Each structure stands twice: as C-alpha cells, then as structure tokens.
Amino acid sequence: MKEKPGIRFIFFSAQEGQQYEKILGFAKRLFLPAQISIHSKPKSFSKAVLEPGFDHRIILILAASPGDLARILSLRNLLENRSVILILPDSEEDTMTQALSLYPRYIDYVQNDLKDVYPVLKKMVEKLYGQTDEEKKSR
C-alpha cells in the first residue's frame, strides 16, 4: 500500500484508557502507521505540529480533564488554521469558551461514546485525498 504524501494524524492525550483506545482504533482504520503521531506531553505534541514535511495535519486532542485542556490552551498559537478535533472533559460554559478559542472543527465529550468522531475523521481524510485506505481495502 502506498503512503499518502504529506498527511499526519497527530493525537494528544495525557492519559490512556477506553476513549484513548477507541480513538487509536479509528486512526488505525484511516491512516497508515507512519502517518500516526501520538503524544502525551505538550512539548512533543508541539514539535509534531510544527514538524516539516507534511502538507496536512489532522489533530485530535483528548482533554480528559480541565488540566489537560489548560496545557493545550498554552499552545493555542500553534493550532491556528489547523484541522482540530477536541474531546472535552465536560460541557461547562467555561470549558466551552476555552475550547472554542482553539477554533476546532468538531467537539465531543469524554463521557460520550465518541461514535461520531470516526465519521468526522473519515470526512476530513476524504476531503484531503478522496477515498480512505479502508474503502480501498474493501473493494
């Protein structure tokens, strides 16, 4: 299978668990292993966002706690004009206000089953490159 040039899926989560595993499963269905970049620390995450050689980056941030969101907010300037999906710890007004300052393409919450995240990711990939690798495999 030929690798799609210039695309990177960057996943940030400070903690592992059921939601983490679910998102990783989505990523593995849509991206080749070399296209997936996983981070638990803001410093390595910021380096991945700035890494040269990729035309497109799809960023998914799993902020399971308010502290996780606060750490990401400090990197707000790196996320400008990027395709960002946010999974938030809650839907409180303060959390939403902070999250919206990142201009995400999609927002969901850790307490949800995240079933809508996969179609959003798939649509983002299709918009960039047409069919996904998953669709090509099924033919």
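No lab work stands behind these numbers, since they all come straight from the coordinates. In this text, all values refer to a predicted model and were calculated from it rather than measured experimentally. All Cβ positions, even for glycine, are placed from backbone atoms using ideal geometry, and neighbour counts span all protein chains on display.
Remark: region 7-131 is approximated by an ellipsoid whose semi-axes, taken from the C-alpha gyration tensor as √(5λ), come to 20, 17, 14 Å, largest first.
Using only Cα atoms, tell me the angle between helix 117-129 and the longest principal axis of the chain; keep it within 0 to 90° and round to the nearest 10. The angle comes out at about 50 degrees. Between I36 and Y129, the simple label model (points 7 Å from Cα in the Cβ direction) yields a spacing of 1.4 nm. Pairs K28/K122; K22/K123; K28/K123; K28/K115; K41/K115; K22/K122: which exceed 23 Å Cα-Cα? Distance filter (> 23 Å) returns K41/K115.
Can you tally the net charge around R71? Count Lys and Arg as +1, Asp and Glu as -1, for every other residue whose Cβ sits under 15 Å from the Cβ of R71. Neighbourhood net charge equals +3. The packing ranking of peptides 46-54, 16-24, highest mean first, is 16-24, 46-54, where packing means the average number of other beta carbon atoms within 10 angstrom of each residue.
Using Cβ point charges alone (K and R +1, D and E -1), the dipole size of the chain about the Cα centre works out to roughly 720 debye. Computed from backbone phi with θ = phi - 60° and the Karplus coefficients 6.51, -1.76 and 1.60, the 3J(HN,Hα) list for region 61-67 is 10, 9, 9, 6, 9, x, x Hz; x is used for glycine and proline. With only the Cα atoms considered, region 55-109 has a convex hull volume of 67 Å³ per residue.
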